[in-house]
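J.: The structure that follows is given in the form of structure tokens.
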Amino acid sequence: MKRSGSISQENYLKAIFKLQHEHGIASNQAIAEKLAATPAAVTGMLHKLTELDWVEYTAYQGAKLTAKGRQIAISTIRKHRLWEVFLVEKLQFKWDAVHQWAEELEHIGDVDFTNRLDAFLGCPSTDPHGDPIPDSNGDWKGNERVFSADALTRNQKFTVRGVSNSASDFLRHLDALKIQLGKHFEVMDFFPFDGSWEWKDDQGIPIRVSREVAGQLLVEAIPTNRGNENQES
């Protein structure tokens, strides 16, 4: 099973990709914190990745991926998210338990293996947390209609599309509230005192949602033909 780099190298490239996406550049300190590595280890690895032409590294500033490094990082992310789909849909793991398994499995297989896994799963566009899965060309399309649930308004109907926090305790809390990807809700009320919400699902069952939960939940509004009847929250 041919890989472009070692497991450690792929982990670094994936971390740099995510940090670069968030901050424009991946600093040594941010990489060290993300990978629980020492500063010396990070500096040493960045020099190796630079020699491989996978990273452009500037001392005291940080690292950015080259085109080659970006391709490897996206391939690793693609495999990770496809394995998460496999673990949830085919092996019935809960969505809070699949991340660590996928961290191990993402280093398995070459391009053909990954494309076969993708086809077997029906070419899913998102993983169990709502994150987009890159296609075989390394491209992905985010859903521009998705926004944070704390921006909802009263009487608005919406679909749960993803989470911005994939920590296990948060996902278990969503399970307890019976909040799942693809589930429809309607905003019944907003309570400014504590920033919480009351929603009801499509069965009419109400739930109380905290400010913290709403702020880490990604949703998509359900279009309506009734005009703009929503009230500001």
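J.: Looking only at the stretch 182-204, count every residue that is surrounded by 12 or more Cβ atoms within 10 Å (Cβ to Cβ) and under 18 Å from residue 161 (Cβ atoms) and tell me the total.
T.: Counting residues in the stretch 182-204 that are surrounded by 12 or more Cβ atoms within 10 Å (Cβ to Cβ) and under 18 Å from residue 161 (Cβ atoms) gives 8.
J.: Here's a follow-up. Only one residue in 179, 207 is surrounded by 15 or more Cβ atoms within 10 Å (Cβ to Cβ) and closer than 21 Å to residue 94 by Cα, so which one is that?
T.: Step by step, each of 179, 207 is checked, and only 179 is surrounded by 15 or more Cβ atoms within 10 Å (Cβ to Cβ) and closer than 21 Å to residue 94 by Cα.
J.: A further question on this structure: Among the residues in the stretch 10-23, are any among the small types (Gly, Ala, Ser) and farther than 21 Å from residue 164 by Cα?
T.: No, the stretch 10-23 contains no residue that is among the small types (Gly, Ala, Ser) and farther than 21 Å from residue 164 by Cα.
J.: Residue check: is residue 159 in contact with a strand residue (DSSP E or B) (Cβ under 6 Å, 6 or more places away or on another chain), of a type in the set (Ser, Thr, Tyr) and assigned by TED's automatic domain parsing to the domain that holds residue 217?
T.: So residue 159 passes the test.
J.: Which residues, taken from the stretch 170-198, are in a helix (DSSP H, G or I) and free of Cβ contacts under 8 Å to residues at least 40 places away in the same chain?
T.: Of everything in the stretch 170-198, just one residue is in a helix (DSSP H, G or I) and free of Cβ contacts under 8 Å to residues at least 40 places away in the same chain, namely 176.
For (1) at pLDDT below 95; (2) more than 22 Å from residue 108 (Cβ to Cβ); (3) not small (Gly, Ala, Ser), each residue gets a yes or a no:
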residue	(1), (2), (3)
42	no, yes, yes
46	no, yes, yes
49	no, no, yes
53	no, yes, yes
57	no, yes, yes
66	no, yes, yes
69	no, no, no
78	no, no, yes
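J.: Which of the residues spanning the stretch 17-54 are of a type in the set (Gly, Ala, Ser), within 17 Å of residue 69 (Cβ to Cβ) and loosely packed, with under 11 Cβ neighbours inside 10 Å?
T.: The answer is 24, and nothing else.
J.: Write out, first by first residue and then by second, each pair whose Cβ atoms fall under 9 Å of each other, whose residues are 6+ apart or on separate chains, and whose first residue, in the stretch 111-134, is farther than 18 Å from residue 99 by Cα while the second is part of a loop (DSSP other than H, G, I, E, B) and among the aliphatic types (A, V, I, L, M).
T.: 113/1; 123/133
J.: Go through 76, 159 for me and flag whichever is part of a strand (DSSP E or B) and β-branched (Val, Ile, Thr).
T.: Result: 159 is the single residue among 76, 159 that is part of a strand (DSSP E or B) and β-branched (Val, Ile, Thr).
The values are calculated or read from the model by the stated rules, or taken from the named source; none is laboratory data. None of these values were measured; they are calculated from a predicted model. Cβ sites come from the backbone with ideal geometry, for glycine too, and all protein chains shown count toward neighbours.
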